[in-house]
1. Using r as the Cβ-Cβ distance of residue 13 and residue 154, and R0 as 35 Å, what FRET efficiency do you calculate, to the nearest 0.05?
2. Picking from 259, 57, 69, which is most flexible by a Gaussian network model of the chain using Cα springs under 10 Å?
3. For segment 144-304, just the Cα set please: Rg and Dmax, both in angstrom.
4. Using Cα centres only, tell me the gap between segment 128-189 and segment 302-330 in whole Å.
5. Fully extended, how many nm does the chain gain between residue 276 and residue 384 (0.36 nm per residue separation, minus their Cα-Cα distance)?
6. Counting other C-beta atoms within 10 Å, which of 238, 314 has the fewest, and how do the rest follow?
7. Quick one: helix 13-33 against the long Cα principal axis of the chain, what's the angle to the nearest 10°, folded into 0 to 90?
8. With angles folded into 0 to 90 degrees, how steeply does helix 111-128 sit against the dominant principal axis of the chain? Use alpha carbons for both and round to 10.
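Any read-out appearing in this document is the output of simple, stated calculations on the displayed coordinates, not a laboratory observation. Here the structure is a predicted model, which means the values were calculated and not measured. So basically every Cβ, Gly included, is an ideal-geometry build from the backbone, and we count neighbours across all protein chains shown.
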Ligand SMILES: NC(=O)c1ccc[n+]([C@@H]2O[C@H](COP(=O)([O-])OP(=O)(O)OC[C@H]3O[C@@H](n4cnc5c(N)ncnc54)[C@H](OP(=O)(O)O)[C@@H]3O)[C@@H](O)[C@H]2O)c1
């Protein structure tokens with residue numbers, strides 16, 4: 001039997017889940033894989049506080065393995081695998097680097113530290129022969145990292161579209177199903193523990209953008225940094241736009257989208273309308289799903305719990321078993337660099353359909369003038385809906401375009417006379 005000693009960096013929600021799962025699954029892991037996993041050291045910020053918190057959660061982490069010094073975990077010669085569950089970029093990335101430099105395999109659930117320091121972490125791992133595992137950093141328990149990194153290694157992936165932030169999917173689902181406003185649903189999500197007290201990283205799309213940079217790099221076999229991801233959040237989405245979109249056959253999601261055509265790459269996170277029948281449109285609540293298209297695999301979709309202590313712990317423990325039972329470390333096949341892959345041409349002029357809502361004066365000839373602005377830029381209108389507003393006498397005009405260039409749509413809107421209309425909202429529509 002192989003003895004495997006683990007060190008934890010942090011023991012909050014996810015660390016607690018991993019502790020629990022390793023305790024419950026210990027004997028099965030011995031039987032199935034011949035590995036005896038034992039947690040040897042746990043880094044916490046404050047030992048008395050951690051003991052009290054653990055007792056409250058029914059976690060029996062012994063006092064003698066707790067430490068307030070990261071070096072006791074990353075430098076312990078008897079620790080084989082260091083699992084990082086602290087969150088945030090620093091000091092998490094520094095501690096992981098220390099562990100790797102000491103030849104210890106690192107397993108992390110931390111998309112921020114990974115997305116921003118992946119090249120340095122991988123280089124350190126390769127230098128010392130350690131492993132670097134991060135299945136839980138994207139999509140919780142959904143095995144998307146493994147699928148991209150191994151199963152689809154012989155395919156040519158050209159599209160990844162995902163719902164990879166459960167908080168925003170919960171908020172948009174409630175808004176869609178109940179016609180409620182953003183602020184009210186956000187408050188409810190915070191009370192339920194589904195949104196952070198400071199929700200910015202989720203609702204403004206940063207969380208999804210970190211994850212997309214990891215997915216796109218793996219899918220396209222070249223480094224796509226976080227800085228290249230175009231990002232818009234959901235905080236200014238109104239119940240009115242969701243309702244109008246629904247009426248026109250669309251469901252609103254915060255999508256993370258990566259596409260590659262030749263060397264041209266687009267990576268973007270923004271609210272997106274999808275036809276009701278699209279498989280991603282039916283992924284509701286806090287679930288996550290990732291849709292992948294490749295030259296040979298064609299369409300596929302992975303769906304499951306993107307967060308939560310035990311689903312995430314399941315992914316992390318899967319990494320522990322793989323790292324402990326594999327005979328050699330495994331790294332992605334592309335050159336993992338600090339900068340973007342130089343062979344990629346990043347574009348911000350993608351082609352898609354658009355939902356455009358304008359407030360317009362209710363006069364003869366207005367529609368003709370607006371149509372002229374679209375046609376001047378070769379933007380063709382697929383459908384249109386008009387709603388009379390109750391208060392200010394302005395009408396709401398909603399256009400859905402045929403596929404058009406982003407920059408052409410922006411120019412067309414720029415041509416419109418501010419005396420007759422105002423842009424209220426532009427939302428991209430995918431198919
Ligand atoms: N929660 C999920 O469902 C989920 C899903 C997938 C991935 N993840 C990722 O998993 C990681 C952990 O998330 P979590 O939900 O477990 O967060 P959490 O509950 O806040 O746990 C983090 C723990 O690390 C501790 N910590 C932070 N900095 C530390 C330091 N310098 N030294 C010692 N301890 C430190 C924190 O202590 P204090 O509380 O005292 O600061 C806290 O106990 C994050 O990277 C997150 O993105 C989470």
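1. 0.40
2. 57
3. When restricted to Cα atoms, segment 144-304 yields Rg and Dmax of 15.7, 46 Å.
4. Here the answer is 15 Å between Cα centres.
5. The residue 276-residue 384 span can extend by a further 37.1 nm.
6. 238, 314
7. It is inclined by approximately 60 degrees.
8. The angle comes out near 40 degrees.
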